Amino acid sequence: MIINQLFANMWDLYSKINPQVVKVKKLFDERENKIVANDHIALRTFNHPRINRSVIARPFLEAGYTPVEDLKFEKKKLDATYYSHHNDDLTRVFISELKLEDFSPKLQKTINDLVDQIPNKAIEQYDFCNYGIPWTTITEQTYNELKAESEYAAWVATFGFIVNHFTISINDCDTFSNLEEVNSFLKEHGYRINDSGGEIKGSISQGLQQSSIMAEDVPVQFEPLDSLPVNIPGCYYEFALRHNDFDGFIAGSADKIFESTDNK
Ligand code: NI
């Protein structure tokens, strides 16, 4: 499978679970009268040795991506690495992992038990990063218990391995001159901007400004499988405007962007 096919499959699964993102992409593509480029995609995992971020990064490394920088998110107990490719047509890839040892023994046990269920065969497959849920469905109670300690842990336990967000490159847009205009456009169309730490994260002098819309609730079927689906926040869409050829990420900004799935 070539890397472009993997990105296409990631988009398919992401948009199937979150119909909202298809509408957002259409809004931008129609306004720009072209297919707008993507700035980066983001993936989430745990630092468990079987599935940590180096495991998730495998297909990207095979395709010639290189790790550029490690970022730490102390408060959220996350580490991340982003990867880029010398071919500018290939989007940046941002992979974060939750540091399990920083959580309660109970959370660690819940996650370790889920990870233990994943067959080696699944992890070894080329597109494990887009596998979906590789363990038995969790209960709503487990979801709530995980969420009480970490929204991130609850999200990964629920959705498994799917892209967390795609990101519209505002640099590739011709009709927006700043991120304020982007946010107004989104609000005009009824979308809620993540305003944790302000609607725009980062600054021109930092080289990167980002905003995101809050993840909309999507119906999730928890265990038991004959129970009613529960609506919980799925994936979101991000918007990035880069300045002065800055190619990286700003930890303080990403820290707030993570909260786009805290839609409750
Ligand atoms: Ni992002």
Could you tell me which of rounded, prolate or oblate describes the range 2-261, using a ≥ b ≥ c as the square roots of the eigenvalues of the alpha-carbon gyration tensor, with rounded for a/c under 1.5 and, failing that, prolate when a/b is larger than b/c and oblate otherwise? prolate
Of Asn171, Ser227, Gly132, which is farthest on the positive side of the dipole of the chain, counting Cα position, with +1 on Lys and Arg Cβ, -1 on Asp and Glu Cβ, and the Cα centre as origin? Ser227
Simple spin-label estimate for Ser203 and Asn52 in nanometres, 7 Å along Cα-Cβ: 3.6
Specify the residue with the greatest mean-square fluctuation among Pro19, Pro219, Pro119, computed from a Gaussian network of the chain linking alpha-carbon atoms under 10 Å apart. Pro119
Please list 3J(HN,Hα) in residue order for the range 66-73, calculated via the Karplus relation 6.51 cos²θ - 1.76 cosθ + 1.60 where θ = phi - 60°; whole Hz, with x for glycine and proline. 10, x, 9, 7, 9, 10, 10, 10
Within the range 47-119, list the GluC sites (Glu not before Pro) lying in a DSSP loop whose Cβ has at most 15 other Cβ atoms in a 10 Å radius. Glu74
How much length, in nm to one decimal, is gained on full extension between His85 and Ala122, taken as 0.36 nm per residue of separation minus their Cα-Cα distance? 10.7 nm
Rounded to the nearest 500, the 222 nm mean residue ellipticity computed for the chain from DSSP H runs (n ≥ 4, each -39500 (n - 2.57)) alone is -10000 deg cm²/dmol
Which cross-chain or sequence-distant (5 or more) residues have an amide H under 5 Å from the amide H of Phe166, H modelled 1.01 Å from N in plane? Glu238
Under the 0.36 nm per residue contour assumption, what length would be gained going from the current alpha-carbon distance of Glu30 and Asn112 to full extension? 25.1 nm
Which one of Asn130, Asn164, Asn244 has the biggest mean-square fluctuation once the chain is modelled by GNM with Cα springs under 10 Å? Asn244
For Lys72, counting only aspartates and glutamates whose alpha-carbon sits under 19 Å away and dropping same-chain residues fewer than eight positions off, the answer is Glu97, Glu101, Asp102, Glu149, Glu151, Asp247, Asp255, Glu259
In nanometres, what is the gap between the two model label sites at Ala148 and Thr66, each 7 Å from Cα along Cα-to-Cβ? 4.7
Over the heavy atoms of His189, what accessible area does a 1.4 Å probe trace out, to the nearest 10 Å²? 80
So in the chain, what percent of DSSP beta bridges are antiparallel if you round to the nearest 5? 70
In order over the range 175-191: 3J(HN,Hα) from phi, Karplus 6.51/-1.76/1.60, θ = phi - 60°, whole Hz, x for each Gly or Pro, gives 9, 10, 9, 7, 6, 4, 5, 5, 5, 4, 4, 5, 5, 4, 8, x, 8
Once you keep just the Cα pairs under 8 angstrom separated by 6 or more residues, what percentage relative contact order results for the range 2-261? 20
For the modelled label position 7 Å from the Cα of Asn4 along Cα-to-Cβ, which residues of the range 89-119 have backbone nitrogen atoms closer than 18 Å? 89-93
About the Cα centre, and with charges only on the beta carbon of Lys, Arg (+1) and Asp, Glu (-1), how big is the dipole of the chain? Nearest 20 debye, please. 300
For a label point 7 Å from the Cα of Thr139 along Cα→C-beta, name the residues of the range 209-247 whose backbone N is under 11 Å from it. 223-224
Amide H contacts of Thr139 (H built 1.01 Å from N, under 5 Å, at least 5 apart or other chain): Glu223
Note, the range 13-22: 3J(HN,Hα) by Karplus (6.51, -1.76, 1.60, θ = phi - 60°), whole Hz, Gly/Pro = x, goes 5, 4, 7, 5, 6, 10, x, 3, 5, 5
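The values are calculated or read from the model by the stated rules, or taken from the named source; none is laboratory data. What you are looking at is a predicted structure, and each value in this text was computed from that prediction instead of being measured. For neighbour counting, all protein chains shown are included, and Cβ atoms are generated from backbone atoms with ideal geometry for every residue, glycine included. Calculation scope for accessible area: heavy atoms of the full protein, side chains included, ligands and nucleic acids excluded. Shrake-Rupley method; radii C 1.70, N 1.55, O 1.52, S 1.80 Å.
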